[in-house]
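A quick write-up on the structure given underneath.
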């Protein structure tokens, strides 16, 4: 269901449609030209990702090396709904009509944990603003072909920050989670590639302040395997019900059981396509409230 894209090639589906970029990580921001941009870290390098909208729909996704050595560029996955084995449901038809999705994986555990923490604690548009403001205030800046940009502060800096700095930068409500994630990232970053993805999620889940939701979201971001999200994931539930409101049970457990039964071994593909429809609307849900985010993780 998932194809890999290289820097030299651009993927299009059998009808020549360009994939829509999935921009669910808060590090993505929309510039003044209508392009989505993000700096990504990979071992020994910094990359600029730009998703440029095409006149006929979708995005052209480009990666440029900003600093460091080539050879460890971020992985780009393309997910095509035409390859799903079942399209009979209203949801399947919605996803098929929306077309393929391109998603760039996060390359470092720290960045994936930060994205997952934001995902579980605030709506996406607010998360983008807080993330970018903190990156500008505390992170490292890089000159790119399209202007100056910043990465989120690293784990060492986060562990050294005074409590009031978190508050000034809008990070007060996630301060303790970020500190825990920074400690975990420093301990595990060099070892994470030696264990299977599911095992990494299992190691992270019991850590206080991280938990199963953040762990699953972070490792899904790193691996591209969204089966690591629980079938009851709150954002998946919201998006599925928005796309197909009449067919899904209200109960969390009942929803999860039906979602797993319908998607089976293709749950990662279905999940990516559903969440991409969510981020295409540039919001984590239909409202801007925070009340139902704060108790999720």
Q. Is the stretch 189-199 home to any residue that is surrounded by 15 or more Cβ atoms within 10 Å (Cβ to Cβ), in contact (Cβ under 8 Å) with a residue 40 or more places away in the chain and not in a loop (DSSP other than H, G, I, E, B)?
A. yes
Q: Starting from residues that are modelled with pLDDT under 95 and closer than 28 Å to residue 203 by Cα, keep the ones in the stretch 123-137 and report whichever is farthest from the chain's Cα centre (by Cα).
A: 123
Q: Give the stretch 161-179 a look and list any residue that's in a helix (DSSP H, G or I) and without any contact (Cβ under 8 Å) to a residue 40 or more places away in the chain, or say none.
A: 163, 164, 165, 166, 167, 168, 172, 175, 176, 179
Q | Cβ-Cβ under 9 Å pairs, at least 6 apart or on other chains, the stretch 149-160 side touching a residue at least 40 places away in the same chain (Cβ under 8 Å) and on the phi < 0 side of the Ramachandran plot, far side outside any helix (DSSP H, G or I) and exposed (fewer than 14 other Cβ atoms within 10 Å of the Cβ) | A | 149/141; 149/143; 150/141; 151/141
Q. Quick one: which of 219, 207 is assigned to a loop (DSSP other than H, G, I, E, B), under 27 Å from residue 107 (Cα atoms) and either in contact with a strand residue (DSSP E or B) (Cβ under 6 Å, 6 or more places away or on another chain) or at pLDDT 95 or above (or both)?
A. 207
Q. Quick one: in the stretch 40-58, which of the residues that are surrounded by 14 or more Cβ atoms within 10 Å (Cβ to Cβ) and closer than 18 Å to residue 71 by Cβ is nearest to the chain's Cα centre (by Cα)?
A. 40
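Every residue, every condition in (1) more than 25 Å from residue 121 (Cβ to Cβ); (2) not in a loop (DSSP other than H, G, I, E, B), yes or no:
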position	(1), (2)
18	yes, no
23	no, no
37	no, yes
67	yes, yes
Q. Out of (1) over 27 Å from residue 215 (Cβ atoms); (2) without any contact (Cβ under 8 Å) to a residue 40 or more places away in the chain; (3) not in a helix (DSSP H, G or I), what's the single condition that is false for residue 85?
A. (2)
Q | Exclusive hit being in contact with a strand residue (DSSP E or B) (Cβ under 8 Å, 6 or more places away or on another chain) and surrounded by fewer than 15 Cβ atoms within 10 Å (Cβ to Cβ), set 141, 147, 172 | A | 141
Q | Subset of the stretch 88-122 (residues that are surrounded by fewer than 21 Cβ atoms within 10 Å (Cβ to Cβ), more than 18 Å from the chain's Cα centre (by Cα) and touching a residue at least 12 places away in the same chain (Cβ under 8 Å)) | A | 89, 90, 94, 96, 98, 99
Q: Count, please, the residues in the stretch 13-34 that happen to be at pLDDT below 90 and in contact with a strand residue (DSSP E or B) (Cβ under 9 Å, 6 or more places away or on another chain).
A: 1
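The values are calculated or read from the model by the stated rules, or taken from the named source; none is laboratory data. Just so it is clear, the model here is predicted, and its values are computed rather than measured. In this analysis, Cβ positions are derived from the backbone assuming ideal geometry, glycine residues included, and neighbour counts consider all displayed protein chains.
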